[in-house]
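The values are calculated or read from the model by the stated rules, or taken from the named source; none is laboratory data. Here the structure is a predicted model, which is why all the values come from computation and not from measurement. In this analysis, Cβ positions are derived from the backbone assuming ideal geometry, glycine residues included, and neighbour counts consider all displayed protein chains.
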Amino acid sequence: MDGVGKSTLVDALVQKIPASKAANIWDLLDSPIQSLPFKSKHQIDDFLCALTPDSRLLFLSHALTYSVDKALEGEAECIILNSYYYKYFATEYALGANIELVKALSTLFPAPDLVIKLELPVAESLLRKKVLSRYECGLVSKPDSISFSTFQNKATNAWDLFDPRDWIKLDARKSPTELLNDCIQTLKDSSLIP
């Protein structure tokens, strides 16, 4: 979920794993497309909050598909996704998206070779957040710690949509170095890297 340290870990993994590339749902912002209506994550946050649940789910699916497609077009041997549809779809389900649409869209994304889920109590993830977005606070007009905690707990319950039996779960209370080492070892154990 939000604030568990995904970006820090993904950035460190890309530095450690040769021929790897990070992919992020907002890679669209870094694209050479001149006519994008968004120039910042803040503008996207406002846009997301204006959409209806299903239209927001479709927009996020579009942005994530672009990110995955662009990553697959490259020559990277290992693509590390900073979040995947699980995070966004659980969040959207918690925000009222139609469950049948969530399930249908889930089938369209490539199955990952490995899912690593960072787990952290919401109260601790809140302490890590320097800025709170409206989206991660449940679309409230003025984000604050209470709306963040309330919504993140609700979204955490929506993870029950997915089958986590094959996922590797790591305690995100560990230091960034310990998490990096755990991830590298997990990738080696899974024969995904030498």
- Message: Return the pair list, or none, for Cβ contacts closer than 7 Å from residues in segment 2-13 that are touching a residue at least 40 places away in the same chain (Cβ under 8 Å) to residues that are assigned to a loop (DSSP other than H, G, I, E, B), at least 6 apart or on different chains.
- Response: G3/K129; V4/L120; V4/A172; G5/A172; K6/S83
- Message: Among the numbered criteria (1) in contact (Cβ under 8 Å) with a residue 40 or more places away in the chain; (2) touching a strand residue (DSSP E or B) at 6+ places or on another chain (Cβ under 9 Å); (3) not in a helix (DSSP H, G or I), which one does L64 miss?
- Response: (3)
- Message: Can you say whether S67 is of a type in the set (S, T, Y) and surrounded by fewer than 16 Cβ atoms within 10 Å (Cβ to Cβ), as far as the supplied structure shows?
- Response: no
- Task: Collect the residues in segment 28-45 that are exposed (fewer than 12 other Cβ atoms within 10 Å of the Cβ) and basic (K, R), keeping them in residue-number order.
- Result: K39
- Message: Exactly one of these conditions fails for L105: (1) in contact (Cβ under 8 Å) with a residue 60 or more places away in the chain; (2) farther than 21 Å from L187 by Cα. Give me its number.
- Response: (1)
- Query: If you go through segment 140-194 one residue at a time, how many are part of a loop (DSSP other than H, G, I, E, B), of a type in the set (D, E, K, R), under 19 Å from the mean Cα position of the chain (by Cα) and closer than 16 Å to R128 by Cβ?
  - Reply: 1
- What's the number of the condition L13 fails, among (1) of a type outside the set (K, R); (2) farther than 24 Å from R128 by Cβ; (3) touching a strand residue (DSSP E or B) at 6+ places or on another chain (Cβ under 7 Å)? (2)
- Can you tell me how many residues in segment 79-123 are under 12 Å from the mean Cα position of the chain (by Cα) and hydrophobic (A, V, I, L, M, F, W, C)? 7
- Whichever residue in segment 141-183 is touching a residue at least 24 places away in the same chain (Cβ under 8 Å) and of a type in the set (K, R) and, among such residues, is surrounded by the most Cβ atoms within 10 Å (Cβ to Cβ): K154
- Within segment 16-61, how many residues turn out to be closer than 23 Å to I80 by Cα, charged (D, E, K, R) and assigned to a helix (DSSP H, G or I)? 4
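Let's see how each residue does on (1) at pLDDT below 90; (2) surrounded by 15 or more Cβ atoms within 10 Å (Cβ to Cβ); (3) over 22 Å from S149 (Cβ atoms); (4) hydroxyl-bearing (S, T, Y):
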{"residue": "V4", "(1), (2), (3), (4)": "no, yes, no, no"}
{"residue": "S7", "(1), (2), (3), (4)": "no, no, no, yes"}
{"residue": "A19", "(1), (2), (3), (4)": "no, no, yes, no"}
{"residue": "F47", "(1), (2), (3), (4)": "no, no, yes, no"}
{"residue": "T52", "(1), (2), (3), (4)": "no, no, yes, yes"}
